[in-house]
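Structure, as C-alpha cells:
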Amino acid sequence: MLRRLRANWVLLLGLLILIYLLTPIAVVLLLSFNQPGSRNTTYVLDFDDFHFTWHNWTDMFGPAGLRDALIMSLIIGALAAVIATVLGTAIAFALARYRFRGRSVVQAFIFLPMATPEIVMGSSLLTLFVSFGIPLGFWAVLIAHIMFCLSFVVVTVKARVAGLDPRLQEAAMDLYATPVQAFRSVVLPLVWPGIIAGALLAFSLSFDDFVVTNFTAGTAETFPMYVWGINLRGIPPQVNAVASATFLISLVFVVAGQVFTRSGGRTARQEK
C-alpha cells in the first residue's frame, strides 16, 4: 500500500487539488436545483431541507434585471475579448519577433496592469474618465476592460510566438510564398491555439470583473454587479443556475478545443 502511494503520490496530489478546485462549483450546481424556503437560505446547502426543482433553470431570467445584467456582461466581454485579442496579438508579434529601441520599456508597461491592484486601477480610471469628461457607463467599462485584458492576451500569445521556429516562415518564402501567404498559411495556424486561449482568457476576465467595473460603470449594471447588489436582499436561486450554465458552456469550449487540437496533431502526424 505504501509502495503504491509513493509511486502515485503526484497523481493523488493532483486529484486532491482538482477536488479542492471543483468543490465550490459542485455546490453551486447543486444549489441551482434547490428551491430554498427563503431568500436567506439561497446559498445554504442543507440536504435535510433540499427541495429538488427545475424551476431555476426553466425560469432562469425570472428575477428583474438579471437578463439585462447578463446581456450587458456578455456584450462587454465579447467586445473586450475581440479588441484585446487583435491588439494583443499584434503587440505579441512585435515583442517576440522584432528588436527595437525601447522594447524593454514597452514590455514593462504592458505587464504593469497585471501587477497593479484592481482597486488602484479602478480608482485611477475613474479619475481619468472624470478629468477628460468621459461619461461613465458602457463605453467606459469597455475601455477599462480592454486595457487590463490586453496584458493577459499579450503574455499568452507572446509565449506561443516565442516558441515558433522562424525558419518555418523563411522556408515558406523560399518556396515562393509572399510574406502574407507565409503568415496566413504557416505562422497563423501554429499561433492560433495561443490566440484562442488569449481570447477566452480575456472574455473570462471581463465577464468576471467587479472591482474595475464598479468604479467605471455609472448606472450600467453587469452580472457581477447585479449579484453584489442583490446579495443585500438575498440572492435568487436563478443566479446559481446562470453560474452553472456559464461553467458548463465554458467546459464545452475547453473540451472542444482539446479535441480540435488533438485531431489536428493526429492529422499532421498521419500526413507525415
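Residue 173 fulfils the conditions (1) touching a helix residue (DSSP H, G or I) at 6+ places or on another chain (Cβ under 8 Å); (2) in contact (Cβ under 8 Å) with a residue 60 or more places away in the chain; (3) farther than 18 Å from residue 81 by Cβ except for a single criterion, (2).
Among the residues making up the stretch 135-155, those that are open to solvent by less than 40 Å² (accessible area, probe 1.4 Å) and out of contact with any Phe, Trp or Tyr (no Cβ under 7 Å at 6 or more places or on another chain) are 137, 141, 142, 144, 145, 146, 148, 149, 150, 153, 154. Cβ-Cβ distances below 9 Å connect the following pairs, each with a first residue in the stretch 89-102 that is free of Cβ contacts under 8 Å to residues at least 60 places away in the same chain, a second residue that is part of a loop (DSSP other than H, G, I, E, B) and open to solvent by 30 Å² or more (accessible area, probe 1.4 Å), and a separation of six or more residues or different chains: 94/100. Which of the residues spanning the stretch 156-174 are open to solvent by less than 60 Å² (accessible area, probe 1.4 Å) and either hydrophobic (A, V, I, L, M, F, W, C) or in contact with an Asp or Glu (Cβ under 9 Å, 6 or more places away or on another chain) (or both)? Hits for the stretch 156-174 are 157, 161, 164, 171, 172.
For residue 211, the test of being open to solvent by 30 Å² or more (accessible area, probe 1.4 Å) and at pLDDT 90 or above is passed.
To keep it simple, each residue is scored yes or no on (1) over 17 Å from residue 75 (Cα atoms); (2) part of a helix (DSSP H, G or I).
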| position | (1), (2) |
| --- | --- |
| 176 | yes, no |
| 181 | yes, yes |
| 195 | yes, yes |
| 207 | no, yes |
| 215 | yes, yes |
| 221 | no, no |
| 225 | no, yes |
| 234 | yes, no |
| 247 | yes, yes |
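Yes/no per residue for (1) under 23 Å from residue 87 (Cβ atoms); (2) modelled with pLDDT under 85; (3) surrounded by 12 or more Cβ atoms within 10 Å (Cβ to Cβ):
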{"position": "185", "(1), (2), (3)": "no, yes, yes"}
{"position": "206", "(1), (2), (3)": "yes, no, yes"}
{"position": "221", "(1), (2), (3)": "no, no, yes"}
{"position": "234", "(1), (2), (3)": "no, yes, yes"}
{"position": "249", "(1), (2), (3)": "no, no, no"}
{"position": "261", "(1), (2), (3)": "no, yes, yes"}
{"position": "271", "(1), (2), (3)": "no, yes, no"}
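I need a count of the residues in the stretch 96-110 that are surrounded by 14 or more Cβ atoms within 10 Å (Cβ to Cβ) and either touching a Leu at 6+ places or on another chain (Cβ under 6 Å) or of a type outside the set (Val, Ile, Thr) (or both). Total meeting the criteria: 3.
Being of a type in the set (Phe, Trp, Tyr) and surrounded by 13 or more Cβ atoms within 10 Å (Cβ to Cβ) holds for only one residue in 93, 132, and it is 93.
Kindly evaluate residue 180 against the criterion of being buried (at least 19 other Cβ atoms within 10 Å of the Cβ) and either within 30 Å of the chain's Cα centre (by Cα) or free of Cβ contacts under 8 Å to residues at least 60 places away in the same chain (or both). No.
The values are calculated or read from the model by the stated rules, or taken from the named source; none is laboratory data. Keep in mind it's a predicted model, so treat the numbers as computed, not measured. Positions of Cβ are backbone-derived with ideal geometry, glycine not excepted, and every protein chain shown enters the neighbour counts. Areas reflect the complete protein model, heavy atoms only, side chains present, ligands, DNA and RNA absent. Shrake-Rupley method; radii C 1.70, N 1.55, O 1.52, S 1.80 Å.
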